[in-house]
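The values are calculated or read from the model by the stated rules, or taken from the named source; none is laboratory data. The shown structure was predicted, so the numbers you read here are calculated from the model rather than taken from an experiment. Neighbour counts run over all protein chains shown; Cβ positions are idealised from the backbone, glycine included. These accessible areas exclude ligands, DNA and RNA; they are computed on the full protein's heavy atoms, side chains included. Shrake-Rupley method; radii C 1.70, N 1.55, O 1.52, S 1.80 Å.
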Amino acid sequence: MITDTIAAIATGLSNAGISKIRISGDHAVEIIDRIYKSRTGNKVLSEQLSHTIHYGFITDGDHIIDEVMVIIMRAPATYTREDIVEIDCHGGIVVTRNILETVLKYGARIAEPGEFTKRAFLNGRIDLSQAEAVSDIITAKNELALQNSLNQLRGKERQIIIELREKILRDIAFVEAALDDPEHISLEGFDEDLQKHINEETNSIEQLLRESDNGKILKEGIKTVILGKPNAGKSSLLNTLVGEERAIVTDIAGTTRDTVEETINLNGIMLNVIDTAGIRDTEDIIEKIGVEKAIKIASQADLIIYVLDSSTELDENDEVILGLIKDKKSLLLLNKSDLEPKITSEEIKKMTDHAIISISIKENIGLNDLEKAIKNMFFEGKLSFNEDIYITNERHKEAFKQSLESLRLVNQSIVAGMPEDFYSIDLMSAYETLGKIIGENIEEDLVNMIFKEFCMGK
Amino acid sequence: MSYVYESYDVVVVGAGHAGCEAALAAARLSLNTMLFTISMDSIAMMPCNPNIGGTSKGHLVREIDALGGEMGRNIDKTYIQSKMLNVSKGPAVHSLRAQADKQEYSKSMRRILENTPNLTLKQAEVVKILTEDNHISGVMTYSGAIYPCKSVVLCTGTYLNARCIYGETVNHTGPNGLQAATHLTDSLKELGIEMYRFKTGTPARIDRRSINFSKMEEQFGDETVVPFSFTTKQEELQKEQISCWLTYTNETTHEIIRANIDRSPLYCGDIKGTGPRYCPSIEDKVVKFADKERHQVFIEPEGLYTNEMYIAGMSSSLPEDVQYQMYRSVPGLENAKIVRNAYAIEYDCINPMQLKSSLEFKAVEGLFSGGQFNGSSGYEEAAAQGLIAGINAARKVLQNEPLIIDRSEAYIGVLIDDLVTKETHEPYRMMTSRAEYRLLLRQDNADLRLTKKGYDIGLIDEERYQHLLEKENQIEIETNRLQSTPIGANKEVQQLLEQYGSSPLNTGTTLADLIRRPELSYELLESIDKNRSELSDEVIEQININLKYDGYIKRQLSQVEQFKKLENRRIPEDIDYMTVPSLRIEARQKLIKFQPRSIGQASRISGVSPADISVLLVYLTQLHYERNKEKII
């Protein structure tokens, strides 16, 4: 019944020296055959015994992606009761992601959250009582199920997708009507119209795709928020990390009135750094909004970098900030170490458990320590990021890409002079794929929903 | 006074296109079968258009044949003109249509029926369906004779309480003035069956001698006629063909219709039944396409035995005097003598959503139905349902699982699924656009799709089955050979490419890749393909299509795979929707009423939302698991 093969990163994209990519389904072994090369190049994994482990490389054509260990486990004695292949690779986001993408490229599709468990459940591997609350969850989620998946889309995108689908459906209906009633409905000139429509639709989807890409990067990185009082050097820190003038840096306190976001690759660790307005009690309405926003963002952060100006005294604003970061993963930066200190790390230490680093952004002192501190936190597993959102976006992105491909194929049919009745096949695919994004297409959705409670790759 | 007469396994009521297929199927499956008809002279009668096939209907005929039905063979024997339609379009919409000699068609079918073992024919009106505990126990005829039986197939066509109307003139008869069946509806209502009232219509027949053909375009048949039946040999089929003719209505025609529209029983409300949108009367067309200056009118012979010509495209229920004016306004029909008036016919049929996909009534075990009685229109639609209903009535007696063909397997599957799942309030007509997976459901591959099923059921003999296997084998072997045969960019090849306006090769390729080029085909590459073995045209056709449309076929197949996932999630017949938590009330009611057989079918019921389906999916998963566990314990 379940025929397609799914894959996901099973270890989380974050910590550890090793990451695991898990593949499950009828084609799992076939797929690994296509991308695995042994040291000698002679070993074929599909010929290997079940429950064995193999050293080798993951390759995409001639390109070697990583040195890996591959575990082959055949159905039914596996977690999902399907064939499972696991690839242990060197940790690190880029490599792990590359391997996953290669697996997807060669025939797997990305697993839904909890889908491995779902399959285990559907294949009778897990006792239903282990998911005892299943029925209740469904009951509660019946009304919410659709909304849930919809909420992950912004209202605007959703509207665009609905309109796109309407347009596509109109063209399908026209072709079909003309096929059935050629006497009264003529397809003359339709090719040009359709090409125009496809062009417009393609542009819209590409736009959505770009936006979803942006969104993805933002969400994918470690959400790092820079906090501090006005003019503590937050924007300077961001600019230094990014290496370009992005935030406006002046000596006037309160220059950054909204938030500024940047993605930084710190030796393979993606940081999504958000510079905020300096936090202080202010009368300036715009600045006030910025402050409120900063506080809100900080509450959602994976990591907070609290920048203090060591040349000024602590005040009640610092107390507010220390309160904010009390239960968050945070680093304290004592900036402006080049100036006469008014506060010392000893003083601060009494007020917080977070690590404290002395730096001078202006003089480029201590920045290495900062990088090291972040890396340590990351590799000690203190930091990770929200995988669910990553997947959701990946699914949407996949659907967008598929619908683009379908539209491209329609255009190809037109250019190739195919008879009009061929257009509907790919138009229909585009229509249905877009439907998946907004939950208008029935799949085994709710069963998925339940197992979304489980983690990705589990 | 009633009395018990002979017992039968299967009783079929009505010997139209549905009834004939149903009775033949049951009898050929070795069941003792009785076929009742209201008139022995109206067996397989064509009361409307004189042709079989056409867009998407041609597919149905091919499928009927592939499963072991009779319609294809019968039209092959009795056609007088034949044409493959839509050849300029893709192979999915190629459709065969043949003009029939109506009398020959009817006589030939009668001969087949009369000489089929296990089949008894009787002229009688069935007035009552007899049941015991919602099981079929027999039927009773007008004379009071009771025929005990195990299953019944109702194929009453347009005869139930039929009423023929044109203008103010009303005849309480079936088509062509034949006796209507006026008792059965009451019996069905007593069984709790919900009835609809539909209408359809037919144009006038005009005396050939009164037509001026010089004002019309002659429509010839194809030079080489393709048979409907996979068992008919093409060379034996060729014969001299009779032409049809094309003319057009004009503004005058439309003006006459508009001026008299208030006298049309359809528009003044005398007809209550719902007519087919896709087979509209000329009145409907004039109203609906008000800006069209003209509509096509095809003049088609009714047969070789008669001068009557069928005026296709101008069915009507306008009064007789208006009909004269209207027809005579059409070029070539200025002096037309009407032999039979156009008329509309109203009749009782059922709400087909009371049927299972097997065409058995959900409420009465052993009661099946097919054809216009199920709310469809058209001979081919009728025959297709009749065949399936007959097969399943027989399988019921034999205690076998019913034959159910899904939407991805055949137009027959689409037809039946639409009828039993989608609410229709007008006669259902097959159309190409209704088949989502039509590239796979081509008329040319109906045998490859269905003949194995026909064989498994027992309607296809060993010889024909072996022939199919060989064909499959040849297609596969030859396709593989073409895909693995390299072709170098040598002079001979380049010359051949140039000859057919195909761009020259830069590097080597395969024969298969050359065939994929639109301007080339398997046949054209003969001179550069030295290792070719002798293959039939049928095999070559499949190879060409498989290679040329490879990408599209693959994509359609993956759509089918998605479809099948939901289709294969069966809903147990004993499911209690009242115990499924958190279904919306509307969905619950619909599901209880329609008892869908799979999640896929449930999802097509209007009023059942994706969320309801999801609830059901999980419930089923749990149910399935629990039941399996019980079994283990």
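Here are the numbers:
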read-out	value
Net lengthening on full extension, B:S2/B:E492 (0.36 nm per residue, minus Cα-Cα)	168.1 nm
Along each principal axis, Cα extent of the stretch B:246-396, largest first, Å	56, 38, 25
Separation of alpha-carbon centers, the stretch B:403-447 and the stretch B:180-203, rounded to whole Å	25
Summed residue charge, Cβ within 12 Å of B:I299's Cβ, Lys/Arg positive, Asp/Glu negative	-3
Stretch gain in nm, segment A:E398-A:D191, where the contour uses 0.36 nm per residue and the Cα spacing is subtracted	71.8 nm
Burial order of peptide ranges B:323-333, B:402-412 (average beta-carbon count within 10 Å, highest first)	B:402-412, B:323-333
Cα gyration tensor of the stretch B:474-555 - equivalent ellipsoid semi-axes, whole Å, descending	20, 14, 12
DSSP-assigned coil residues among GluC sites (Glu not before Pro) in the stretch A:292-338, each with at most 15 further Cβ atoms within 10 Å	A:E313
Rounded percent of accessible protein surface that carbon and sulfur make up, chain B, 1.4 Å probe	48
Förster radius 35 Å - calculated FRET efficiency between A:D33 and B:I540, Cβ distance, rounded to 0.05	0.50
Computed over the stretch B:20-61, the ratio Rg/Rh where both radii use C-alpha atoms and Rh is Kirkwood	1.07
Peptide A:416-426 - average C-beta neighbours from other chains (10 Å radius)	6
For the protein assembly as shown, alpha-carbon Rg relative to the globular expectation (2.2 N^0.38 Å, N residues)	1.16
Chain B - charge dipole about Cα centre, Lys and Arg +1 at Cβ, Asp and Glu -1, debye rounded to 20	1100
Total charge dipole magnitude, the protein assembly as shown, about the Cα centre, Cβ charges on Lys, Arg, Asp, Glu only, Debye to nearest 20	1620
Full-stretch length increase - B:D41, B:V87 - with 0.36 nm per residue and alpha-carbon distance subtracted	12.8 nm
A:D327-B:Y267 pseudo-label distance in nm [points 7 Å out on the Cα-to-Cβ vector]	7.7
Cleavage-rule hits, trypsin sites (Lys or Arg not before Pro), the stretch A:17-57, DSSP coil, Cβ neighbours within 10 Å at most 12	A:R39
Rg(Cα)/(2.2 N^0.38 Å) for the stretch B:123-241, N = residue count	1.63
Selection from B:Q219, B:S603, B:L497, by position along the positive dipole direction of chain B (Cβ)	B:S603
Label-to-label distance, nm, for residues given as B:Q499 and B:Q589 (7 Å Cα→Cβ offset)	7.1
Given charges at Cβ of Lys, Arg, Asp, Glu: the protein assembly as shown dipole, positive-most of B:L468, B:V560, B:L191	B:L191
Gap separating the Cα centres of the stretch B:331-399 and the stretch B:228-269, nearest whole Å	22
FRET efficiency, 1/(1 + (r/R0)^6) with R0 56 Å, evaluated for B:S214 and B:H467 via beta carbons	0.75
Per residue accessible area of chain B, 1.4 Å probe, in Å²	40
Kirkwood-based shape ratio for chain B, expressed as Rg/Rh from alpha carbons	1.00
Shielding by other protein chains, B:438-451, mean Cβ within 10 Å	1
Between the stretch A:14-47 and the stretch B:489-509, the Cα center-to-center distance that results, in Å	42
Cut-off 18 Å (backbone N to label point 7 Å along Cα→Cβ of B:E365), residues of the stretch B:581-605	B:595
Highest-first arrangement of B:534-545, B:439-450, B:11-22, B:156-167, where packing means the average Cβ count within 10 Å	B:11-22, B:156-167, B:439-450, B:534-545
Filtered chymotrypsin sites (Phe, Trp or Tyr not before Pro), the stretch B:216-246: DSSP coil and at most 12 other beta carbons within 10 Å	B:F220
For residues of B:290-299, the mean tally of beta carbons on other chains within 10 Å	1
Nearest-0.05 FRET efficiency for B:D456 and B:E476, computed from C-beta distance (R0 22 Å)	0.60
